[in-house]
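Visitor: Have a look at this one.
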Amino acid sequence: MSSEKAQFKAVADRSRCCGYGLCATICPSVYKLDADGLVYFDDARIPPELEEEAREGAAACPAEAVWLEPIGAQGNPA
Ligand code: SF4
């Protein structure tokens, strides 16, 4: 029982992403950039210890293309 539960998941609207890369600069553990420079996630679940960094990364996005959502409210897996 050692796994810490993620409370939030990252969500991206890639149609809004302009590839500025600020999110990935601030929180590279969560936000990745694909070959076109657009954001994606290896795993959208945010470990609790990365939550603050992930919020900062999302807040820094000039296009408001990424944000965090609570996990579990609608049974919608990442
Ligand atoms: S900061 Fe926003 S626009 Fe820039 S790569 Fe990240 S999601 Fe895309």
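The values are calculated or read from the model by the stated rules, or taken from the named source; none is laboratory data. This structure is a prediction, so every number in the text was calculated from the model and none was measured. Every residue, glycine as well, gets a Cβ built from its backbone with ideal geometry; the counts of neighbours run over all protein chains shown.
Visitor: Among the numbered conditions (1) touching a strand residue (DSSP E or B) at 6+ places or on another chain (Cβ under 8 Å); (2) at pLDDT 95 or above; (3) surrounded by fewer than 16 Cβ atoms within 10 Å (Cβ to Cβ), tell me where Ala24 comes up short.
Guide: Unmet for Ala24, out of (1) touching a strand residue (DSSP E or B) at 6+ places or on another chain (Cβ under 8 Å); (2) at pLDDT 95 or above; (3) surrounded by fewer than 16 Cβ atoms within 10 Å (Cβ to Cβ): (3).
Visitor: Could you tell me which numbered condition Asp42 fails, if it satisfies all but one of (1) among the acidic types (Asp, Glu); (2) over 16 Å from Ala6 (Cα atoms); (3) in a loop (DSSP other than H, G, I, E, B)?
Guide: Condition not satisfied by Asp42: (2).
Visitor: Further, regarding this structure: Is it true that Ala78 is more than 9 Å from the chain's Cα centre (by Cα) and at pLDDT below 95?
Guide: When the stated conditions are applied, Ala78 passes them.
Visitor: Pairs needed: first member in segment 35-48, more than 16 Å from Ala63 (Cβ to Cβ); second member anywhere, surrounded by 11 or more Cβ atoms within 10 Å (Cβ to Cβ) and of a type in the set (D, E, K, R); C-beta distance under 8 Å; at least 6 residues apart or different chains.
Guide: From residues that are more than 16 Å from Ala63 (Cβ to Cβ), the pairs are Phe41/Lys32; Asp42/Lys32; Ala44/Lys9; Arg45/Lys9; Ile46/Lys9.
Visitor: Right, next: Take the residues in segment 1-24 that are free of Cβ contacts under 8 Å to residues at least 24 places away in the same chain and near the ligand (Cβ under 8 Å from one of its atoms), then tell me which one is nearest to the chain's Cα centre (by Cα).
Guide: Applying the filter and picking the extreme gives Gly21.
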